Amino acid sequence: MSGTTPASTLITNIGELMTQDLEHRVLKDAAIVFEGERISWIGPSHDAPSADEMLDAEGRAVLPGWVDSHSHLVFAGDRTAEFEARMAGQSYSAGGIAVTTGATRSVSDDELTALVRGRVEEAVSQGTTYLESKTGYGLDVENEARSARIAAAEVDEVTYLGAHLVPAGADPEEYTDLVCGAMLDAVLPHVRWADVFCERGAFTEDQSRRVLTAARDAGLGLRVHGNQLGEGPGVALAVEFGAASVDHVNYLSDLDVKALAETWAGWDASTGSGTKGTVATCLPACDLSTRQPLAPGRELIDAGVQIALAANCNPGTSYTSSMAFCVTTAVLQMHLSVHEAVRAATYGGALALGRESGNDVDGERAVGSLAVGHRADLHMLKAPSATHLAYRPGIPLTHSVWRAGVRSV
Ligand SMILES: N=CN[C@@H](CCC(=O)O)C(=O)O
Ligand SMILES: [Zn+2]
């Protein structure tokens, strides 16, 4: 969509407005008004004020845009052959990251920018309005810095993942020193977060601890790829460091679940106040594509853990940006309710990125939920309710998308 953006927009006749706000309001026959990027009114259709632009939703559902808190968009090439081998029975290992690193290093800045931009457009066309991407296919100072710089120009949040794989021929301890030293310094102007792939075949507990310590000392927020391929120290490390999220979480011990739940004991979900814990980010498209057990989202929610759903778009384990697919899978196979799954893919992602609350006076607006003062990130479905996301699996249900008040689809 292009054209001028009206000063204010009113959408009436919304069949179901799933706000994902703190009261979990789901309004029928609702309306919403936004002025520029700010939501200024939500209520019953018949009470709606006037606006410059008036749109009739004709009974369709409106949700917050998806907040995709975990992706790896800065890459070139694909790994079709590896995927085919996996479907024929081979298991996933971290080693494939090296193939993508080679392809990524071989393209120009302009080519890499165009690839990232195309992936962002694909995500937005399916209802994603806030997007994180990691680096991690550069794996030397120059290429990690380039990946971070390109990502910063294209996505909302950038995570430094120099600790994705030890490049072939490098000494693991020396490479970890580089990740904690010159490479970190080089990416710092472009990133807000750091991550480490703490797993067999990637980084050990001790190396991961070093990476997290250096990143924290540099002022970055922390995230961890943990417990993807087996039980391991990832979750415990994320909790120890107060990471904003631990992602994958396929293989959890009872102690891991308990430790994650305890991080949320001081947070009040009804007001969003108190001390936030570590979000467990489930990546169901990745789990299916790698033939791993689905992350235990139901168990985590029941234990009191805040979870997020993310697409994990990358060429190795999850070559999709479809958040709707993740929501569908979470309902059909992880036993989340539709409301819980949509919440994890909107508010949950915002929690994982520290963007669930904002400042209505001067600034950074909350994303991932629809309330007055929040950012006007809206996803209208070609359906009367969010339930259709699970009820009609695989059907492209995005009707229109507003990102920060600007019509994008
Ligand atoms: N598991 C680690 N990193 C990515 C996959 C990377 C790759 O295989 O290219 C993930 O989140 O699944
Ligand atoms: Zn990942």
**Asked** In the range 215-228, how many are surrounded by 19 or more Cβ atoms within 10 Å (Cβ to Cβ) and at negative phi?
**Response** 9
**Fill in**
Note on E364: of the conditions (1) more than 15 Å from the chain's Cα centre (by Cα); (2) farther than 22 Å from E122 by Cβ; (3) in contact (Cβ under 8 Å) with a residue 60 or more places away in the chain, unmet is (3)
**Message:** I want to confirm something. Restricting to the range 298-327 and keeping residues that are more than 10 Å from ligand 1 (Cβ to nearest atom) and over 16 Å from the mean Cα position of the chain (by Cα), which single residue is nearest to P393 (Cα to Cα)?
**Reply:** R298
**Asked** If you go through the range 90-101 one residue at a time, do you hit one that is over 24 Å from the mean Cα position of the chain (by Cα) and assigned to a loop (DSSP other than H, G, I, E, B)?
**Response** yes
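Okay, residues lined up against (1) away from ligand 1 (no atom under 15 Å from the Cβ); (2) crowded, with 24+ Cβ neighbours inside 10 Å:
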{"position": "Q126", "(1), (2)": "yes, no"}
{"position": "A145", "(1), (2)": "yes, no"}
{"position": "G181", "(1), (2)": "yes, no"}
{"position": "V191", "(1), (2)": "yes, yes"}
{"position": "D195", "(1), (2)": "no, yes"}
{"position": "E199", "(1), (2)": "no, no"}
**Asked** Looking at Y251, Y175, which one is surrounded by 15 or more Cβ atoms within 10 Å (Cβ to Cβ), closer than 26 Å to G96 by Cα and either free of Cβ contacts under 8 Å to residues at least 24 places away in the same chain or not assigned by TED's automatic domain parsing to the domain that holds S289 (or both)?
**Response** Y175
**Test for G232: is it within 23 Å of S69 (Cβ to Cβ), part of a loop (DSSP other than H, G, I, E, B) and away from ligand 1 (no atom under 15 Å from the Cβ)** = no
**Request:** Find all pairs meeting these conditions: Cβ atoms under 6 angstrom apart; at least six residues apart or on different chains; first residue within the range 65-77 and under 19 Å from E111 (Cα atoms); second residue among the charged types (D, E, K, R) and at pLDDT 95 or above.
**Result:** H72/K134; L73/R119
**Prompt:** Here are some conditions: (1) exposed (fewer than 15 other Cβ atoms within 10 Å of the Cβ); (2) in contact with a helix residue (DSSP H, G or I) (Cβ under 7 Å, 6 or more places away or on another chain); (3) within 25 Å of L381 (Cα to Cα). D109 meets all but one. Which one does it not meet?
**Reply:** (3)
**Message:** Out of E16, E35, E23, E53, I need the residue that is among the acidic types (D, E), surrounded by 19 or more Cβ atoms within 10 Å (Cβ to Cβ) and farther than 24 Å from R119 by Cα. Which one?
**Reply:** E16
**Prompt:** Just one of E144, E121, E132 is among the acidic types (D, E), under 23 Å from the mean Cα position of the chain (by Cα) and within 23 Å of P172 (Cβ to Cβ); which is it?
**Reply:** E144
**Request:** Could you please give the count of residues in the range 311-344 that are within 16 Å of ligand 2 (Cβ to nearest atom) and more than 20 Å from F83 (Cα to Cα)?
**Result:** 1
**Residues within the range 1-31 that are more than 29 Å from G274 (Cα to Cα) and assigned to a strand (DSSP E or B), tallied** = 13
**Request:** Please state which one of A98, A57 is touching a residue at least 60 places away in the same chain (Cβ under 8 Å), within 16 Å of ligand 2 (Cβ to nearest atom), farther than 19 Å from T346 by Cα and not charged (D, E, K, R).
**Result:** A98
**Request:** Take V246 and decide whether it is within 15 Å of ligand 1 (Cβ to nearest atom) and either crowded, with 20+ Cβ neighbours inside 10 Å or not in a loop (DSSP other than H, G, I, E, B) (or both).
**Result:** yes
**Asked** Inside the range 367-409, can you point out the residues that are over 17 Å from A31 (Cβ atoms) and in contact with a His (Cβ under 9 Å, 6 or more places away or on another chain)?
**Response** V367, G368, K382, A383, A386, I395, L397, T398, V401, V409
**Complete:** If we keep only residues of the range 197-223 that are in a helix (DSSP H, G or I) and small (G, A, S), then the residue nearest to V187 (Cα to Cα) is A215
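The values are calculated or read from the model by the stated rules, or taken from the named source; none is laboratory data. Quantities reported herein were computed from a predicted structural model and do not represent experimental measurements. Note that each Cβ is placed from the backbone with ideal geometry, even for glycine, and that neighbours are counted across all protein chains shown.
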